[in-house]
1. Are there chymotrypsin sites (Phe, Trp or Tyr not before Pro) in the range 137-226 that DSSP marks as loop and that have at most 14 other Cβ atoms within 10 Å, and which are they?
2. I need the shape label for the range 3-128. Rule: rounded when a/c is under 1.5, else prolate if a/b > b/c, else oblate, with a, b, c from the alpha carbon gyration tensor.
3. Could you please report the charge total around Val202, scoring K, R as +1 and D, E as -1 over all other residues with beta-carbon less than 14 angstrom from its beta-carbon?
4. Considering only DSSP states other than H, G, I, E and B, which trypsin sites (Lys or Arg not before Pro) in the range 61-169 qualify as loop sites with at most 15 other Cβ atoms within 10 Å?
5. Report the FRET efficiency, 1/(1 + (r/R0)^6), for Leu127 and Arg208, where r is their Cβ-Cβ distance and R0 is 41 Å, rounded to 0.05.
6. Using a basic spin-label model with each label point 7 Å from the Cα along Cα→Cβ, how many nm lie between Glu51 and His187?
7. Using Cα pairs under 8 angstrom and six or more residues apart, how large is the relative contact order of the range 136-230, in percent?
8. Please list, by residue number, every one of the GluC sites (Glu not before Pro) in the range 36-111 that is coil in DSSP and has at most 12 other beta-carbon atoms within 10 Å.
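Laboratory data are not the source of any read-out in this text; all were calculated from the coordinates shown. Remember, it's a predicted structure, so these values are computed and weren't measured experimentally. A quick note on method: Cβ atoms are made from the backbone with ideal geometry, for glycine too, and the neighbour counts reach across all protein chains shown.
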Amino acid sequence: MTENQEIANRILIAEDDPVSRRLLEAFLQKSGYHVVTAVDGLDALRILESEDAPALAVLDWMMPGLEGPQVCQRVRARPDRPYTYILLLTGRSQKDDLLRGLEAGADDYLTKPFAFVELLARVRALLRRGQPALEKLQVADLLVDTLRRKVTRNAETIELAPKEYGILEYMMRNKGRPLSRTMIVEHVWDMDYDGLTNIVDVYIRHLRSKIDDRFSQKLIQTVRGIGYLIDAPEPPADKPVTAVFERPA
């Protein structure tokens, strides 16, 4: 199993009651998931804010430290972290309470008492969704608002033709990943036609003239033998200073 597959198979259970926590852990492990556990809201938040945050969290509503909805709010306030689906477990059945949980950022809720098979169905349904599309994409000072189809760099608006925008958004969603010309054609033109791959180079030149040429930091990079990628290159490391000692006279 690759690292990405392991993360996609990892579930957090945050439950302060030890009996309930052990039962949920055993059931989900038996169902094929790798389970990590938290004993309170603060412990859950620490795990969810880590770089290798699990794909899904099952949070009890009432927990010491932070309640489930409070954990949701803190996690959703960190868009730089990997997206984790959140399923709230609650003994509350009032519509206003349930709405509060969803508004806090939960993706679904399950009212106690519940059958384990129902929990498993909710977990599988959430994991099948895939990661939600981000509304705003950023590489260095280049920003793309996907809802408004607005592109800015260093706070300056950049006008793009529809296909230029399509290529840029696709590259931004795959930041740091080399994309072949064929991949770009199949995504942006929605067809499999090798004869169009040369036109990708033309559109990349157009994009570079609008996005990179007037700026010192170049974001669109050529990957020899593959295609292109977009990323903010790391600044060169400082060269070590070598001391020079004169020979004593």
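1. Details: sites: Tyr165, Tyr170, Trp189, Tyr193, Tyr203, Phe215; in loops: Trp189, Tyr193, Phe215.
Taking the range 137-226 and a limit of 14 other Cβ atoms within 10 Å, the loop chymotrypsin sites (Phe, Trp or Tyr not before Pro) found are Tyr193, Phe215.
2. Working: a/c = 1.36, a/b = 1.07, b/c = 1.28.
It is rounded, given that a/c, with a ≥ b ≥ c, falls under 1.5.
3. Numbers: positive: Lys163, Arg181, Arg205, Arg208, Lys210; negative: Glu164, Asp201.
Net of charged neighbours comes to +3.
4. Numbers: sites: Arg74, Arg76, Arg92, Lys95, Arg100, Arg122, Arg124, Arg128, Arg129, Lys136, Arg148, Arg149, Lys150, Arg153, Lys163; in loops: Arg92, Arg129, Arg148, Arg149.
Here the sparse-neighbourhood loop sites are Arg129, Arg148, Arg149.
5. On the way: r = 38 Å, r/R0 = 0.94.
Using R0 = 41 Å, I get an efficiency of 0.60.
6. For Glu51 paired with His187, the spin-label model returns 2.4 nm.
7. Values: 115 pairs, mean separation 24.8, N = 95.
Relative contact order comes out at 26 percent.
8. Values: sites: Glu49, Glu51, Glu67, Glu103; in loops: Glu49, Glu51, Glu67.
Here the sparse-neighbourhood loop sites are Glu51.
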